[in-house]
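Data first, discussion second: the structure below is written as structure tokens.
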């Protein structure tokens with residue numbers, strides 16, 4: 001019979017050493033967070049303008065939202081923030097689709113569905129941020 005004090009029994013396979021999980025660069029997170037804050041301010045301003053623009057005049061504001069989305073799409077997120085980044089892109093695309101549906105005089109329920117989906121995407125995005133993200137970027 002084997003006893004704990006005898007050490008490991010002979011012939012048992014050795015378990016591989018765990019591969020360390022790479023720690024994301026806090027500096028990369030901070031740089032991304034600054035980019036995100038600037039982008040979010042521009043997006044919120046453009047979205048507010050689009051939201052208060054008459055249907056017939058929405059082409060310009062929606063074009064601005066499309067431009068901002070393309071700019072955000074070109075940003076390369078640091079490790080650990082890819083899912084957040086992509087979910088923000090989904091959010092922005094749904095907002096744009098909502099305005100385009102409104103401009104096309106689609107039924108209200110179709111328009112509302114785009115904006116509801118966008119709201120869900122935004123909520124999901126922030127749930128995807130790694131634990132400790134805000135603490136790390138604000139240190």
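Numbers below:
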{"item": "Space enclosed by the convex hull of the alpha-carbon atoms of the range 24-137, per residue, Å³", "result": "85 Å³"}
{"item": "Segments 89-96, 56-63 sorted - mean Cβ within 10 Å per residue, highest first", "result": "89-96, 56-63"}
{"item": "Approximate spin-label separation residue 28-residue 135, in nm, with each point projected 7 Å along Cα-to-Cβ", "result": "2.1 nm"}
{"item": "Distance in nm between pseudo-label sites at residue 35 and residue 127 (7 Å out along the Cβ direction from Cα)", "result": "2.6 nm"}
{"item": "Point-to-point label distance, residue 45-residue 112, nm (Cα→Cβ direction, 7 Å offset)", "result": "3.2 nm"}
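Only the coordinates and a few stated rules stand behind these numbers; no lab work does. Source: prediction; values computed, not measured. With ideal geometry, Cβ positions are generated from the backbone for all residues, glycine too; neighbour counts draw on all protein chains shown.
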